[in-house]
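**Q** Dropping a structure here in structure tokens format, bear with me for questions.
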Ligand code: CU
């Protein structure tokens, strides 16, 4: 009786010893899984990082129509400066006018080659192509014979003035129409609406 109890105890010990042996393998696998799990977290952090750099881009553009040009006797005078700005962002042409004149005054000091300004009238949809096609045409920056141009002043430098007159009927069609500067890079800041009312 005593022997058989010992035999059972010995077997139990042997089984216990056996069942312990595979145990050390388990911890070995665990660190590998932890490393894999950590990797995606690092990637996510790297992807999120560039976002703050892109955020400052949307600078609020001034709302159109906040600086209406003063119109008197079917004409207006617009000033342009060395900061690449007009002093008006909208022109309302009275419906009673058959001809309209825009006088441009460059109140800055910079030369035409560095800070040239003009006033071009065109459909809003054509502005970007007119400016792009005129980019290499110095000093006017309007492609010769560009049929999309409704009217334009000559390009001027600091201290100079220029003017242009056009038939109001030409801006009574499908707009919207805008006035803008075709000097390379100026379109983004120098533009405004022109409409007959
Ligand atoms: Cu300009």
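Just so you know, all these numbers are worked out from the coordinates, no wet-lab data involved. If you're wondering where the values come from, they're calculated on a predicted model, not measured in any experiment. Reconstructed Cβ throughout: ideal geometry from the backbone, glycine too, with neighbour counts over all protein chains shown.
**Q** Classify the stretch 71-196 as rounded, prolate or oblate from the Cα gyration tensor: take a ≥ b ≥ c as the square roots of its eigenvalues, call it rounded if a/c is under 1.5, otherwise prolate when a/b beats b/c and oblate if not.
**A** oblate
**Q** As a test, work out the antiparallel percent of DSSP beta bridges whose residues both lie in the stretch 71-196, rounded to the nearest 5.
**A** Antiparallel bridges make up about 70 percent of those DSSP assigns within the stretch 71-196.
**Q** Would you please give the FRET efficiency between residue 137 and residue 165, computed as 1/(1 + (r/R0)^6) with r the Cβ-Cβ distance and R0 = 25 Å, to the nearest 0.05?
**A** Using R0 = 25 Å, I get an efficiency of 0.65.
**Q** For the stretch 122-168, just say rounded, prolate or oblate: build the C-alpha gyration tensor, square-root its eigenvalues into a ≥ b ≥ c, call rounded for a/c under 1.5, and beyond that prolate if a/b exceeds b/c, oblate if not. The partial results should precede the final answer.
**A** Values: a/c = 2.06, a/b = 1.16, b/c = 1.77.
It comes out oblate by the Cα gyration axes.
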